[in-house]
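Novice: So that we are looking at the same thing, I have put the structure below in structure tokens.
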Amino acid sequence: MIRRKPAPGQPAASFTDGCRVALLAGAAMLLVPVCAHAQGLGRKTSQAAAPATATDGLGPRDVYIEADSLVDNRDKKVVSAEGHVEARYQGRTLKANSLTYDSVTGVAVAHGNVVIQNADGTTEYGQDYTLDDNFRSGVALGFAARLQDNVTIMAGAAIRRTETVTEMRHAIYTPCNVCKDDKVTPKTPTWSIQASRIIQDHDHQVIYYRDAVIRVLGVPVFYAPFFWHPDPTAERRSGLLAPKIGYSKRRGGSYQQPYLFALSPSSDLVIAPQFNTKVAPFISGEFEKRFYSGTLDIRAGYTHEQIFNSRIKYGDNTNRSFLLANGRFNIDRTWDWGFGAERATDPTLFRRYGVRQVYSSRGQFPTDTDRLISQIFSTRADGQSYLSIAAASFQSLRVYGQDAKTTLPLYESNKAFPIVAPLIEARFDPAWSPLGGRLRATGSAVVLTRNNRVLNLVDPLGVQSLGPIRSDSQLSVGSAVPGLSYQDSRRASGQVEWRRDLTLAGGLRLTPFGQVRGDVFSTSDPTLVTVQNGVGATGKYGAQTISSAATDDLITRGQFTGGFTASYPLIRQTANYTAILEPIGQFLASPRLKRDLRIPNEDSVAFEFDESTLFSTNRLPGQDLQESGLRVNVGGRASVFWGKNGNASLLVGRTFRDTPDPAFLQQSGVRGTSSDWVTFFKVQPAGWLTIYNRARLDADTLKVHREEAGLNIAILPQASFSAQYNYNENGLVISPTGAVSTGRTQDLDLAAVVFPFKHWGASALLVRDFQTNVLPVQQYALIYRDECIRLDLVYTRDEIAGAAIGVSSSLVLRLTLAVLGDTPVAARRNDSR
């Protein structure tokens, strides 16, 4: 169908003709014409028009042409269209100043401000198009096009070799905006690749370059005689990822260049060699594989070098490596299994070479900074039951000080860490429960195996840290303390719990509950001991045994706990706010238990008395220790809600008991007949601001024993800010000599990201330790970002007390380019260390 635009007031004249117009399809582009054509045509051509569909009435070989004037020369078999030409063919639309088609030669020529909108949404521009009627080859001058993801390719000339290969001469590639906000005025793209030749291969979804020059803000920063990367239509393709350039006192100048190998649609491999001026190269890699039933992720690194810090090298020149791997797979609808593997040859390997995202969760056992966990597990879960079977081993990377004579680092020993195999945990919630309510049965069993004997000491004053330690460890407490010496341990526990929620007529909420549990403990060659610090025969300063006596290797324990929780919520609603005041009381009773020195404390070490444990049936974590006696927990909760997002809440409470509970330390705040006060406050006056505070206050003087206060501001995307202050009179302190004890800890964490301008911003991370008067972590960054690039200039200084690898400052340039891959720009706090 060929149609001529009618003159004003005249009907349109149309006739059918056998002529055929072929349009160029593909991806070839030129920068300046993108904006120039938009101005010349007087309409927005940077956006693709909706592709033609079967509803336009055109058949697979029909052509629709519309123009100010149209001439069909049947003698020469040439069709000519002039003025505001618009042609549609096979879902493509061509707009130009003029168009001629020779049906004898099959050549079509378009002149002046040519715009082609393809069915896939891409747009092409040029001054002159020449192409054959088979639509397999063609030439374009002054050429440009817009692809997916805002990608633009520009060329002085473009040649379509085949239906899938387009070659461009003297060309530029960029995913950045090439027009200013007015869509008319050209501008220099933030980054681009300029080349003497660009070839786009649609079949392989790769763009190749000859004599490639990468420019940032118009300035050349990188040259390569040959270069390639995936085109925007490729979901995954092998190629170079963004490099990482930096300098630090430890490694000197550093350049890391990752390369992605897309091995298959479900797997890929990244190899990232790191070249350093002061130390040997370090190569790392990551392999990812996705199966129909799960995923596999393996990270590894290797080098051949001595140990080094910011001043010297020492030790043997040997192989050094790490492995971080995890996987999880479904067996069926209820069963799955997984594993995590974490090992390193050197305790400070990750910090020396700047390896990030080390301490991430890779299984059921939670992660811990400077400790690695290898584990394997299988779980089964349905609507009523849960079963977990797991095994784990540990490696400590913790550096706690320097040797006074050699100044070499001292590392936490792995001798006290057990192999956990197996650890079994189960839960069952039957559908039926006596007296209504909910019935739950739980059970667990664990075996801990060690190569060396350990000491489990009981210090009533809480100076000596909890948990098993090496038999030759230096003690924190100065006086003699009792404990248990043993090597392996085993435990099995079972518990049945019932509870029911009731709401009485007056609004009183009542929750009665009951709990029965039993435990069996076993240790290998157990000995009750009394130890103190002393100097052994070898002259080593450590624990010295004063007395010892063999004891039972099998211990049983039973316990019953019953009680109820009562609360009376009072609600007031107005047009402006809703307020809730809720007094809460809880009564619990259970037989009084004495602290049994024959039962080692393996899993009830870390405990904090706060609002989360105020109304717990058993505040102590784990199974080894058990709370007992008569006790009453009281508290009050107040909440206010207003506006769209405004809310505030306050919780205050404490505990009373008939006699002190020896399961708790004196510093815990809950050992005596009356506990400390615990408070929690949170206010969110708007969606972008949150303020919170949790504290433990002395029962008599209201002196602060522990406090955590914070502030979060999120005005996205312009700014975000967070501050957290931590104070603890009985935190974990590791002295330079290696002794672990409890003592005062006090620190402040600050983090901020601000973009005062459209593209420019800054970020900061600051950690302040008030007890040691150091700044363990400082990190500052200057950031530039737009639609196609992110540039981070990051300065980091770490002076972690006792790290023994030297205070180090580093400057890193992270460049993330759209389409060419991604590089993480945010780091976890523990990885920054």
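The values are calculated or read from the model by the stated rules, or taken from the named source; none is laboratory data. Predicted model, so just to flag it, every value in this text is computed and none were measured. FYI the Cβ positions are ideal-geometry reconstructions off the backbone, even for glycines, and counts take in every protein chain you see. Calculation scope for accessible area: heavy atoms of the full protein, side chains included, ligands and nucleic acids excluded. Shrake-Rupley method; radii C 1.70, N 1.55, O 1.52, S 1.80 Å.
Novice: Which log10 I(q)/I(0) values, to two decimals, does region 596-712 give at q = 0.14, 0.18 Å⁻¹ under the Debye formula with one point per Cα?
Specialist: One equal scatterer on each Cα of region 596-712 leads to -0.66, -0.94.
Novice: Greater than 23 Å separation of Cα atoms is the criterion. Which listed pairs, Lys180/Lys244; Lys644/Lys758; Lys187/Lys244; Lys183/Lys758; Lys682/Lys758, meet it? Each step should come with its number before you reach the end.
Specialist: Working: Lys180/Lys244 30 Å; Lys644/Lys758 29 Å; Lys187/Lys244 28 Å; Lys183/Lys758 18 Å; Lys682/Lys758 33 Å.
Cα-Cα > 23 Å for Lys180/Lys244; Lys644/Lys758; Lys187/Lys244; Lys682/Lys758; rest within.
Novice: How far, in degrees from 0 to 90, does helix 31-41 lean away from the longest principal axis of the Cα atoms of the chain, to the nearest 10?
Specialist: Long axis of 31-41 versus the principal axis of the chain: about 60 degrees.
Novice: Run the numbers for Asp553 and Ser809: contour at 0.36 nm per residue of separation, minus the present Cα-Cα distance, in nm.
Specialist: 86.8 nm
Novice: Another question, then. Only Lys, Arg, Asp and Glu count, each charged at its Cβ (+1, +1, -1, -1), so figure out the dipole size of the chain about its Cα centre, rounded to 20 debye. Provide the component values of the computation, followed by the final result.
Specialist: Details: 90 positive and 78 negative charges, 155 e Å.
Dipole of the chain, to the nearest 20 debye: 740 debye.
Novice: I'd like to know which of Ala579, Tyr784, Gly534 lies farthest towards the positive end of the charge dipole of the chain, counting +1 on Cβ of Lys and Arg and -1 on Cβ of Asp and Glu.
Specialist: Positive-most Cα among the choices belongs to Gly534.
Novice: Hey, rough spin-label estimate for Ala606 and Ala224, points 7 angstrom out along Cα→Cβ, what's it come to in nanometres?
Specialist: Roughly 4.4 nm, to one decimal.
Novice: Looking at region 198-315, I'd like the Rg to Rh ratio, where Rg is from alpha-carbon atoms and Rh is Kirkwood's inverse mean 1/r. Walk me through the intermediate numbers first.
Specialist: Numbers: Rg = 18.0 Å, Rh = 17.0 Å.
Dividing the radius of gyration by the Kirkwood radius yields 1.06.
Novice: Something else now. With θ taken as phi - 60° and the coefficients 6.51, -1.76 and 1.60, list the Karplus ³J(HN,Hα) couplings across region 560-565 in order, rounded to whole Hz; mark glycine and proline as x.
Specialist: So the Karplus estimates, Gly and Pro as x, are 10, 9, x, x, 7, 10 Hz.
Novice: Right, something else. Pairs of Cα atoms under 8 Å, at least six residues apart: use those to get the relative contact order of the chain, whole percent. Write down the numbers at each step before the final one.
Specialist: On the way: 2282 pairs, mean separation 55.9, N = 833.
Normalised by residue count, the contact order of the chain is 7 percent.
Novice: At 7 Å along Cα-to-Cβ for each site, give me the label-to-label distance between Asn647 and Leu504 in nm.
Specialist: 2.9 nm
Novice: Taking a quarter of the surface of the Cα convex hull of region 540-675, what do you get in nm²?
Specialist: For region 540-675, the mean projected area of the Cα convex hull comes to 12.8 nm².
Novice: Just to be sure I understand the model, the point goes 7 Å from the Cα along the line to the Cβ. What's the resulting Ala426 to Arg592 distance in nm?
Specialist: Computed distance between label sites Ala426 and Arg592 equals 3.6 nm.
Novice: A further question follows. In the chain, carbon and sulfur make up what percent of the accessible area (probe 1.4 Å)?
Specialist: 57 percent
Novice: Can you work out ³J(HN,Hα) from phi for every residue in region 783-794, in order, using Karplus 6.51 cos²θ - 1.76 cosθ + 1.60 and θ = phi - 60°, giving whole Hz and x for Gly and Pro?
Specialist: Running phi through 6.51 cos²θ - 1.76 cosθ + 1.60 with θ = phi - 60° gives 10, 10, 8, 8, 6, 9, 8, 9, 10, 10, 9, 10 Hz.
Novice: Determine the shape class of region 663-767: with a ≥ b ≥ c the square roots of the Cα gyration tensor eigenvalues, call it rounded for a/c under 1.5, and otherwise prolate if a/b is greater than b/c, oblate otherwise. Present the calculation step by step, with values, prior to reporting the outcome.
Specialist: Details: a/c = 4.77, a/b = 1.76, b/c = 2.71.
In terms of gyration-tensor shape, oblate.
Novice: Rolling a 1.4 angstrom probe over the protein heavy atoms, how many square angstrom per residue are accessible across the chain?
Specialist: On the way: 39570 Å² over 833 residues.
Heavy-atom SASA per residue in the chain reads 48 Å².
Novice: Once a ≥ b ≥ c are taken as the square roots of the eigenvalues of the Cα gyration tensor of region 339-483, is the result rounded (a/c under 1.5), prolate (a/b larger than b/c) or oblate (a/b not larger than b/c)?
Specialist: Values: a/c = 2.84, a/b = 1.56, b/c = 1.82.
Oblate, because a/c is 1.5 or more while a/b does not exceed b/c.
Novice: Next question, about the same structure. Around Asp624, what is the net charge, scoring Lys/Arg as +1 and Asp/Glu as -1 over all other residues with Cβ under 13 Å from its Cβ? Mind dumping the intermediate values first?
Specialist: Details: positive: Arg490, Arg491, Arg517, Arg557, Arg595, Arg598; negative: Asp519, Asp596, Glu602, Asp603, Glu627.
With Lys, Arg at +1 and Asp, Glu at -1, the net is +1.
Novice: Divide by every residue of the chain the summed helix terms, -39500 (n - 2.57) for each DSSP H run of at least 4, and state the resulting mean residue ellipticity at 222 nm, rounded to the nearest 500 deg cm²/dmol.
Specialist: Working: 3 runs with 20 residues, N = 833.
When only DSSP H runs of four or more count, the value is -500 deg cm²/dmol.
Novice: Here is a further query. Ordered by packing density, taken as the mean number of other Cβ atoms within 10 Å over each peptide's residues, highest first, how do 440-449, 304-313 rank?
Specialist: On the way: 440-449: 17.7, 304-313: 15.4.
Per-residue Cβ counts within 10 Å, averaged per peptide and sorted highest first, yield 440-449, 304-313.
Novice: I've got another one for you. Which far-off residues, 5 or more places away or on another chain, put their amide H under 5 Å from the one on Ser238, with H placed in the peptide plane?
Specialist: Counting only residues 5 or more places away or on other chains, the set is Ala262.
Novice: In addition: Would you work out which of Thr613, Leu593, Ala638 lies farthest towards the positive end of the dipole of region 570-666? Charges go on Cβ: Lys and Arg +1, Asp and Glu -1.
Specialist: Farthest towards the positive pole: Ala638.
Novice: Now a separate question. Run the numbers for Ser266 and Ala441: contour at 0.36 nm per residue of separation, minus the present Cα-Cα distance, in nm.
Specialist: Numbers: separation 175, 0.36 × 175 = 63.00 nm, distance 4.14 nm.
Taking Ser266 through Ala441 to full extension adds about 58.9 nm, to one decimal.
Novice: Among Phe377, Gly436, Ala550, whose Cα projects farthest towards the positive end of the dipole of the chain, with charges put on the beta-carbon of Lys, Arg (+1) and Asp, Glu (-1)?
Specialist: Ala550
Novice: I've got another one for you. Would you please give the FRET efficiency between Val683 and Val496, computed as 1/(1 + (r/R0)^6) with r the Cβ-Cβ distance and R0 = 51 Å, to the nearest 0.05? Kindly include the intermediate steps, with their values, before the conclusion.
Specialist: Working: r = 41 Å, r/R0 = 0.80.
That gives a FRET efficiency of 0.80.
Novice: To the nearest 0.05, how large is the calculated FRET efficiency for Asp203 and Asp62 if R₀ is 25 Å and r is the Cβ-Cβ distance?
Specialist: It comes out at approximately 0.30.
Novice: Work out the FRET efficiency for Gln384 and Asp181 from their Cβ-Cβ distance, taking R0 = 56 Å, and round it to the nearest 0.05.
Specialist: Working: r = 60 Å, r/R0 = 1.07.
Calculated value: 0.40.
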